[in-house]
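For reference, the structure is listed below as structure tokens.
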Amino acid sequence: MSLMTRNHPLLVAFIFVATTTATLAADWPGFRGHDGQGTTNETTILSTAPNISLRIRWMHELGSGYSGAVVADGRVVTIFSDGKDDVVAAFDNDTGRELWRFALDKTYEGHDGSHTGAISTPLVANATVYALAPRGRFVALKLADGALVWSTDLAGDHHARKPHYGFGTSPIHANGLIVIQLGAENASLAAFDAKTGEKRWTRGSDGVQYQSPIVQRSENGSSRVIATGNRKILALNPSKGDVVWEHEHGGRGMSRGVPSLTPVSAGKRRFFLALNDDSSTMFTLDGEATATSFNQKWNSNAIRNSFNIPVYHDEHIYAFSSRFLTCVNADTGDSVWKSRDPGDGFFILVDGHLIIATKEGSLHIADATTTGYEERAALKLFDDLSWSHPAFSDNAVYLKGVNHLVRVDITRDSTATPSVARSDVPATNSEFGAFLKKLASTGDKQAVVDQFIAAQKLFPVVEKNRVHFIYSGEGTDLAVAGDLFGARQEKPMTRVAGTNLFYHSMPLESDARANYIFMRDYTEILDPRNDRKTTTNMVGPDMELSFGFGGDFPMSWFAMPDWKAPNYFAEPKSTGRIISHEIETATSAKIPVDVYLPAGYDDSDNRYPVAYVHGGQAAITKGGFIRALDNLTGREIPPIIVVFIKHQPNMFAPDTQYPEFFTRGLIPFIDKTFRTQATPESRASIGQGFAGALAIKCAAAGEGKVARVGCQSPFFFGPVTRGFFDYLAPRGKTPMTIYLEWGKYDLRNPHENWDMARGSREFAKSLADKGYKYRGGEVHDGTDWPSWRNRYDALFSALFPPQNR
């Protein structure tokens, strides 16, 4: 596609090259190296030693942050939180001794899934450190002692808009200027004088989030700054900011994709852009100086869903696709190979090798080859998470984990370092463990496996406090994913040598229930030996988050021996009826509601308590509320009116008028239209997930009209729950009956800083601190309606106890 071109006489002479750092010094002075491209072709021990090993030279436990490490002039520099401030600190390269630190700004607290601390990686150029704080303070410091050279504020001085998670762009050095992606009106990029901090130029009208620019050099030594924003990719002359060309790229994405997009130079006149959450595109720059066009060469989902920035090497793109390391043909977009090892993370390319830091704190070195993942060395560094690209200098790797900084030396060795082992050994005192032990000494192993499979009544195989996920059939790579492991996660299954049997075993509470799915050769399948099926809306393909906005994603489910199935989904003896209405809001919008009237309502003059269910459409269609109410009424709860509010909360754009609509519009309408018990003690506000958080908010802001709240897994995440714990006043001022429940295996990601169960625990503590008592608590279940629907009896009986109690 060709959407916009700027004429420039030098474009014809500027030949794009794939790698740009071969002739540069051995330092690693900025984010992903000298030019931001994450590669160096310098000759190292990696290509001269037949065998290598990894050895920790020094390591420090520091504060939290995403900032990577940079190496220059014998110093290692990074940014982290010391608990009070976000600080820039320098360390001696050889000994790890801290040389100085500079308080950049008060600590930027993590929120909405992010860890505390800075995102941006500093830059070292001409014995000066350039560092950016999340709120926008941008400083230059002397590398020797950390003394302040100059300081400016991107938001206050240059009117840049702070992205949701703070400023995260990393600066680059080009032609004596410091270039960053600013994100101000008509100033998507800005260049500052390296010595004075004076703003020399601004260019571009594109929006900016967490993208970082790169420098690309031609064979004749000239350079261009290449940057991608929310809508465009552009090239400019760094000296004066002249735009050479600018084109729409057509990308999107919620967190990966456009928000964190960094261009990858992929050979002459080619750029690879991982510009969507679920796909990536190779573009070519075609034409002469007066008629350049930016055309899609291919689009493929072979590289998707990753925060790692890919690298280009020998006509191939190396990347993470979801959690899997992958190699893709740069000319066609076809996948060449994919590997579960070494695990999800971030990497750079050094001397034809991938240096990979996994999110779980291990370091791996592998040949960058088209034949597959060929690991040469590996070492477990720490139990901390790691969310930074590694740095490389003088045969050493430097890595900033979320809370650690480490130097690892690459040394010659007579034998290669063994891989980081994965452990999946069933307890020796389990029946399945005994079977595996017996199998190991059997001749015809596959026949014994077939007999074992045929003898099982249910899959997965469960024992009192242990579950064994078992697969037997076609496939070379098997994993299990689901509630027990979290979103964007899976656990590899162990293959028994000489058989087609794969398994993953783990301890589990005897009353637990959970959804799961197998991933066979990187594709999701239901457990073919388990007839218990369900669906979820919280995750989708690749176990990616959908937060209720995706379609129904099929999963298998299982339960442990002491789990008790609900008994209220059978055919009821009597049924209530539904009346539908539309209620107008203060903004003239109309919100539909379905009102459930219990059996006997039309034959009596009685007045009834009312339960208001937020997110009511899903409660009816996915939660099976109507059938449950028909069965529970008169048996475990008194007859009640239930109002299903068909308003779906949006975590990204919460409706600030909704609580007022609920209090001043909906409640009066229901009281006027139906025979209700119009007292606070007879009203309940109920919800699940984000609607659960909304149910609490509406009750707390309800002007004393609601005295009962029921929520299952309230999702405290995003703008919909900002400042949430302050809504409820101390109990003396707001008496309330509360049912609060959440699953131990609720929606979460152990690699990211969000966990809905943890949020519920913190909210429960906040309730206790304010003097409230609640019923419910933590249950051994997963997330979404397949979990919540199992405890409607506990929910409704806590809010509307039987009259004979």
Using alpha carbon centroids, what distance separates region 655-700 and region 108-162, in Å?
46
Give me the base-10 log of I(q)/I(0) for region 439-509 at each q in 0.12, 0.20, 0.23 Å⁻¹, Debye formula, one uniform scatterer per Cα, rounded to two decimals.
-0.35, -0.91, -1.13
Under a straight-distance cross-link criterion of Cα-Cα below 13 Å, which aspartates and glutamates are reachable from Lys268, leaving out those fewer than 8 residues away in the same chain?
Glu219, Asp286, Asp314, Glu315, Asp331
Starting from the Kirkwood Rh over alpha-carbon pairs, what translational D in µm² s⁻¹ does region 251-335 have by Stokes-Einstein at 37 °C and 0.692 mPa s?
258
Just the accessible area per residue of region 333-377, please: how many Å² with a 1.4 Å probe?
26
Using only Cα positions of region 506-658, each an equal point scatterer, no hydration layer, compute I(q)/I(0) via Debye at q = 0.19 Å⁻¹ and quote the log10 values to two decimals.
-1.22
Label region 311-360 by shape, choosing from rounded, prolate and oblate, from the square roots a ≥ b ≥ c of the eigenvalues of the Cα gyration tensor; if a/c is under 1.5 it is rounded, and otherwise prolate applies when a/b is larger than b/c, oblate when it is not.
oblate
Farthest toward the dipole's positive end in region 591-665, which of Pro649, Ile620, Ile591, given Cβ charges of +1 (Lys, Arg) and -1 (Asp, Glu) about the Cα centre?
Pro649
Based on DSSP H runs of at least 4 residues, each adding -39500 (n - 2.57), what is the mean residue ellipticity at 222 nm of the chain after dividing by all its residues, to the nearest 500 deg cm²/dmol?
-3000 deg cm²/dmol
If you average the alpha carbon positions of region 735-758 and of region 605-628, how far apart do those two centres end up, in angstrom?
23
More than 19 angstrom apart: percent of Cα pairs within region 352-491
67
Going toward the positive end of the dipole of the chain, with +1 on Lys and Arg Cβ and -1 on Asp and Glu Cβ, which of Asn500, Trp788, Thr43 do you reach last?
Trp788
Range of Cα positions in region 112-255 per principal axis (Å), largest first
46, 44, 25
Note the angle between two axes, namely the Cα long axis of helix 756-769 and the longest principal axis of the Cα atoms of the chain, as a number of degrees from 0 to 90, rounded to the nearest 10.
60
Size of electric dipole in the chain: Cβ of Lys, Arg +1 and of Asp, Glu -1, about Cα centre, debye, nearest 20
1520
Whole percent per 10 Å bin, from 0 to the bin with the longest distance: what is P(r) over all C-alpha pairs of region 549-619?
12, 28, 32, 20, 7, 0
Nearest 10 degrees is fine. How inclined is helix 431-440 to the longest principal axis of the chain, computing both from alpha carbons?
40
With all protein chains present, the chain has a carbon and sulfur share of its accessible area (1.4 Å probe) in percent of 48
Restricting things to alpha carbons, find the Rg to Rh ratio for region 27-166 using the Kirkwood radius for Rh.
1.01
Over region 207-275, average the accessible area per residue using a 1.4 Å probe and give it in Å², no decimals.
28
Potential extension, Ile45-Asn429 segment - 0.36 nm per residue separation minus Cα distance
133.5 nm
Could you please tell me the mean projected area of the C-alpha convex hull for region 569-666, averaged over all directions and given in square nanometres to one decimal?
7.2
Compute the accessible area per residue over region 53-157, keeping the other protein chains in place, probe 1.4 Å, unit Å².
35
Could you bin all the Cα-Cα distances of region 170-231 into 10 Å bins starting at 0 and give me the percent of pairs in each, rounded to whole numbers?
24, 52, 23, 2
Any chance you could check the Cα centroid distance between region 474-543 and region 341-391 for me, in angstrom?
25
Using the structure shown, select from Lys359/Lys765; Lys491/Lys744; Lys106/Lys162; Lys106/Lys765; Lys445/Lys491 the pairs with a Cα to Cα distance greater than 20 angstrom.
Lys359/Lys765; Lys106/Lys765; Lys445/Lys491
Where the Cα atoms of region 205-310 are projected onto their three principal axes, how long is each span, largest first, in whole Å?
36, 26, 22
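The values are calculated or read from the model by the stated rules, or taken from the named source; none is laboratory data. Here the structure is a predicted model, which is why all the values come from computation and not from measurement. Reconstructed Cβ throughout: ideal geometry from the backbone, glycine too, with neighbour counts over all protein chains shown. Quick note on the areas: whole protein, heavy atoms, side chains included, nothing else; ligands and nucleic acids left out. Shrake-Rupley method; radii C 1.70, N 1.55, O 1.52, S 1.80 Å.
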